[in-house]
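The values are calculated or read from the model by the stated rules, or taken from the named source; none is laboratory data. Because the structure is a prediction, the values reported are computed rather than measured. Here the Cβ is made from the backbone with ideal geometry for all residues, glycine too, and neighbour counts use every protein chain on show.
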Amino acid sequence: MSKVLNVALIQTALVWENPKENRRLLNEKINTVNSGVDLFVLPEMFTSGFTMNPSLVAETMEGETLSWLKEKAKEKNAVMLGSLVITENGNFYNRMVCVEPSGAVTCYDKRHTFTLAGEDKVYTAGTEKVIFNYKGWKICPLVCYDLRFPVWARNVEDYDLLIYVANWPKVRVAAWDALLQARAIENMAYCIGVNRVGLDGNNYEHSGHSVAYDVLGKRLDQIPEDTETIEIVTLEKAAIKKYRDKLNFLNDADAFSLKVQTQ
């Protein structure tokens, strides 16, 4: 078990519907980071931007992007995490992949597809919440619109770190800021959000606001908005136990069960 987890937040612009060019640019950015990082976080749909044309960019789990992520994870001895468009069994998924140095892959399919943009019409929603363990840290990966639905993120698994990746537009970024901090506080877990910057193919502007919060909602990073940047934050396992033991908030939560309707 690692007492600390060093996480690199990659806030970047994305080239519209061009996986090859996005891999090239991200490869350059990742290569600027020296050793010591345990986990790299890329934005939602990091190979394409938030496209509703999945057939143009979709890959399989044996495709070029997964192969590239496995190479980078091994090279950097770190988890590579972000979402991309995956095709499987005749469906398209906005799939978060968490690729470990060993080559092991954990997948989470975005549960809450963004109806305002018609994502629900072209992508199949996920049905399972996922927690994966790395270096003794329990990590919960979620995607963009999931942020608006706190029940789905409810910390009944005693996870340590909640991660959201997004293409969250500037026009609604105040909600992004407020809800990420709230998720950290209510779940007594570290909460990281990584959002893209720049214009997408539909002329929506994205201002980043990537961030890391501790279990009390204190901001840990100094990431500037509207800027391509990489920042590394250090998370401490002892801080989680300290405040959970002292405050005991999670033990006072309401008991509930969640039914997920499959399609």
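Couple of notes before you dig in:
- Cβ separations smaller than 7 Å between residues 6+ apart or across chains give the following pairs from segment 235-249 residues that are under 17 Å from Val4 (Cβ atoms) and without any contact (Cβ under 8 Å) to a residue 40 or more places away in the chain to residues that are surrounded by 12 or more Cβ atoms within 10 Å (Cβ to Cβ) and not aliphatic (A, V, I, L, M): Ala239/Asp214.
- Test: residue in segment 197-209 that is modelled with pLDDT of 95 or more, hydrophobic (A, V, I, L, M, F, W, C), in a strand (DSSP E or B) and under 26 Å from Val130 (Cα atoms): no
- Restricting attention to segment 109-119, the residues that are among the hydroxyl-bearing types (Ser, Thr, Tyr) and either under 18 Å from Ser55 (Cα atoms) or assigned to a loop (DSSP other than H, G, I, E, B) (or both) add up to 1.
- Scope segment 160-187; condition under 14 Å from Asp214 (Cα atoms), in a strand (DSSP E or B) and not β-branched (Val, Ile, Thr); matching residues: Leu161, Leu162
- For segment 120-135, the tally of residues that are part of a loop (DSSP other than H, G, I, E, B) and within 18 Å of Thr87 (Cβ to Cβ) stands at 5.
- Only one entry in Leu56, Leu25, Leu116, Leu69 is under 16 Å from the mean Cα position of the chain (by Cα) and either surrounded by 15 or more Cβ atoms within 10 Å (Cβ to Cβ) or under 29 Å from Asn203 (Cα atoms) (or both), namely Leu69.
- In segment 112-131, the residues that are in contact (Cβ under 8 Å) with a residue 12 or more places away in the chain reach residues that are among the polar types (S, T, N, Q) with C-beta atoms within less than 6 angstrom, at least six apart or across chains, in these pairs: Glu119/Thr113; Tyr123/Asn94; Tyr123/Thr113; Thr124/Asn91; Ala125/Thr113; Thr127/Thr262.
- Scanning segment 64-91 for residues being over 11 Å from Phe40 (Cβ atoms) and of a type in the set (Gly, Ala, Ser) gives a total of 3.
- Within segment 203-223, considering residues that are of a type outside the set (Ser, Thr, Tyr), over 23 Å from Ile139 (Cβ atoms) and touching a residue at least 12 places away in the same chain (Cβ under 8 Å), the one surrounded by the fewest Cβ atoms within 10 Å (Cβ to Cβ): Glu205
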